[in-house]
1. Answer with yes or no whether Val35 is more than 17 Å from Ala98 (Cα to Cα), hydrophobic (A, V, I, L, M, F, W, C), without any contact (Cβ under 8 Å) to a residue 60 or more places away in the chain and in contact with a Phe, Trp or Tyr (Cβ under 9 Å, 6 or more places away or on another chain).
2. Residue pairs, Cβ under 6 Å, 6 or more apart or interchain, first in segment 145-172 and touching a residue at least 40 places away in the same chain (Cβ under 8 Å), second among the aliphatic types (A, V, I, L, M) and open to solvent by 60 Å² or more (accessible area, probe 1.4 Å). List them.
3. Taking Leu111 as meeting all but one of (1) open to solvent by less than 20 Å² (accessible area, probe 1.4 Å); (2) within 22 Å of Ser29 (Cβ to Cβ), write down the number of the exception.
4. Got a sec? Which helices (runs of 4 or more DSSP H) wholly within segment 141-222 have at least 2 residues that are within 14 Å of the chain's Cα centre (by Cα), within 10 Å of ligand 1 (Cβ to nearest atom) and within 27 Å of Leu321 (Cβ to Cβ)?
5. Pick out the one residue from Lys74, Lys48 that is within 16 Å of Asp157 (Cα to Cα) and either modelled with pLDDT under 95 or among the basic types (Lys, Arg) (or both).
6. Could you tell me whether Glu45 is within 18 Å of Pro120 (Cβ to Cβ) and in contact with a Ser or Thr (Cβ under 6 Å, 6 or more places away or on another chain)?
7. Please go through segment 127-146 and give me each residue that is surrounded by 15 or more Cβ atoms within 10 Å (Cβ to Cβ) and of a type in the set (Ser, Thr, Tyr), ordered by number.
8. Residue by residue through segment 25-58, note down the ones that are among the aliphatic types (A, V, I, L, M), farther than 25 Å from Thr139 by Cα and in contact with a strand residue (DSSP E or B) (Cβ under 9 Å, 6 or more places away or on another chain).
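The values are calculated or read from the model by the stated rules, or taken from the named source; none is laboratory data. Just so it is clear, the structure is predicted and the values come from calculations on it, not from any experiment. Neighbour counts are summed over all protein chains in view; Cβ atoms, including those assigned to glycine, are modelled from backbone coordinates with ideal geometry. Remember, those area values only see protein heavy atoms, side chains included, never the ligands or the DNA or RNA. Shrake-Rupley method; radii C 1.70, N 1.55, O 1.52, S 1.80 Å.
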Amino acid sequence: MEIRTNYAADNYTIHVDHGILESRLANYSAGYDAVHFLVDHNVYELYKSSVLSFIDSPIILEGGEASKSFDAFKRITEALLERGVQRHHLIVVVGGGAVGDAGGFAAATVLRGVDYIQVPTTLLAHDSSIGGKTAINSTHGKNLIGVFYRPKAVIYDLAFLETLPDDEMLSGFGEVFKHALLNNEETVRNLMAKTQEQISLDVLKPFIIRGIETKMHYVLNDEKESGIRKHLNLGHTLGHAIEYKYKMPHGIAVVLGLYFMMFLSNRVEGRELFDLDHFKQYFIHHGYPIQKLKSIDEEEMMALMGRDKKNQSRGAIGFVLMKSIGRCHFTEIENTELKKYLSYLKESL
Ligand code: NAD
Ligand code: ZN
């Protein structure tokens, strides 16, 4: 399966399938004088004698978020320069969203930009590898140092997903679910029916592809996030606060945020848009800690949400809510109101 971006220029292809990495990559690397691989440590350990055995001496990045530190950035760029990276070389970044962000940022900045290809290896990275955002973290917060820099291709080999730990599957599935909500009611109904008992990789492929197409739709129409790209933030306002407070994987916290979005949308619309019980049972069945919402501290959550860089007005917090599944709108809710809604949410659980 191939999806092509539709920008005015600098388009790229997203390849999604099982067992495609080596053959697809060969088509691209043939056009470059040399190829440098940046690979997530955990992924390399798992696949060095199989899917990644064709790679000769990669630069190994710390697994996960540790790759997004300043120190890691220094090591990656110095290693590339040590190996003689040049403008007409290709960098291939293999790993989850963290290594994708860090490797993409290194590719964007070394020699003022070298072509790169993303090879995402987590379920969440069906989201993070699309859209051209790259970044590393500062001591002041996540993703504060970065640039927009499009890859030359994304090669999403679903074979990697077989070794994902359970909580990483749940985390990635949170974004798959968000994309289904952004899509339409039928996609949500199908997704829930196909994953009623368990979230198995066998049924996810069409939803992953749908998710990529959905994300792309928003990004193509608003690359720099001045308008509708904000809708991709569905569930993320409270989600980010929960992720920060409870140190849970991003997409798991996003599911808790999506549940609050459903609760709020019902309240704001004044009708039962979402059958909350139905969603709650489904999320809990799969292991999402919805009950955690019962013990949140309203003041603390509001202080954390108030720090969100997407807020515009003082005394209010911006949310993406729904009028129906597939139809979002951005709205600001005053702090006093919001505090009440958070208390109602706790009482309802
Ligand atoms: P991650 O990259 O931290 O990976 C999670 C863990 O899984 C790591 O320990 C990693 O080593 C391991 N792993 C990766 N692939 C594996 C595999 N196939 N088998 C077994 N283990 C594997 O986490 P993530 O959830 O993929 O990405 C989160 C990051 O993505 C965050 O840093 C976030 O800021 C970023 N992100 C970026 C964007 C964007 O638009 N650029 C969007 C969303 C999230
Ligand atoms: Zn997210």
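1. Taking the combined requirement at face value, the residue satisfies it.
2. These pairs meet every condition: Thr163/Leu46.
3. Against the list (1) open to solvent by less than 20 Å² (accessible area, probe 1.4 Å); (2) within 22 Å of Ser29 (Cβ to Cβ), Leu111 comes up short only on (1).
4. Here the list reads 166-183, 201-221.
5. Lys48
6. Judged against the criteria, Glu45 is not a match.
7. Across segment 127-146, the qualifying residues are Ser128, Ser129, Thr134.
8. Leu25, Ala34, Val35, Val43, Val51, Leu52, Ile55
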